[in-house]
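Since the structure comes first, as structure tokens, the remarks are kept for the end.
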Amino acid sequence: NSKLRHVEKDVLIPQIMRDRAKELCSDKVQAFTKCCQETGVLMVVKCRQENTALKDCLVGYYSDPTFYEECKAEYLKQREEYRATGIKKKRQKFTPNV
């Protein structure tokens, strides 16, 4: 049964999307984090470029229907395994094919 409840569509699948997008945008996450650590209180002004690059990367994934379907398939697979075994698996880090 692949019918999705409201919480699955609006919370659980978007959480997988956020996690995977952060992993896929990790270079931009690291650049923004490094900038913030180096600048301190002026980060709002000084790290604008890194912040914009990070947001653009994340939003690109969030708005990609193919990416949503991949994350939905991953969620459904996890749900199916949980229903079959009763054991909740920790989500593994996503490693993009390089």
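The values are calculated or read from the model by the stated rules, or taken from the named source; none is laboratory data. For clarity, every value in this text was computed on a predicted model and none was experimentally measured. No Cβ is skipped: glycine too gets one built from the backbone with ideal geometry, and neighbour counts run over all protein chains shown. Heads up: the accessible areas ignore ligands, DNA and RNA and are worked out on the full protein's heavy atoms, side chains in. Shrake-Rupley method; radii C 1.70, N 1.55, O 1.52, S 1.80 Å.
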| note | K77 vs (1) modelled with pLDDT under 90; (2) more than 14 Å from the chain's Cα centre (by Cα): all pass except (1)
| field | Single residue of segment 50-67 satisfying the filter (open to solvent by less than 60 Å² (accessible area, probe 1.4 Å) and under 13 Å from the mean Cα position of the chain (by Cα)) that is farthest from K9 (Cα to Cα) | value | L54
| segment 77-94 residues that are among the hydrophobic types (A, V, I, L, M, F, W, C), paired with ones that are modelled with pLDDT of 75 or more and open to solvent by less than 60 Å² (accessible area, probe 1.4 Å) (beta carbon under 7 Å, 6 or more apart) | F94/R20; F94/E23
| In this structure, does A84 turn out to be surrounded by 13 or more Cβ atoms within 10 Å (Cβ to Cβ), small (G, A, S) and in a helix (DSSP H, G or I)? | no
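Every residue, every condition in (1) farther than 21 Å from A53 by Cα; (2) in contact (Cβ under 8 Å) with a residue 12 or more places away in the chain; (3) in contact with a helix residue (DSSP H, G or I) (Cβ under 8 Å, 6 or more places away or on another chain), yes or no:
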{"residue": "E8", "(1), (2), (3)": "yes, yes, yes"}
{"residue": "D27", "(1), (2), (3)": "no, no, no"}
{"residue": "A31", "(1), (2), (3)": "no, yes, yes"}
{"residue": "G40", "(1), (2), (3)": "no, no, no"}
{"residue": "M43", "(1), (2), (3)": "no, no, yes"}
| said: Could you check segment 24-49 and list, in sequence order, the residues that are open to solvent by less than 100 Å² (accessible area, probe 1.4 Å) and either over 22 Å from D64 (Cβ atoms) or of a type in the set (A, V, I, L, M) (or both)? | reply: L24, V29, A31, T33, C35, C36, T39, G40, L42, M43, V45, C47
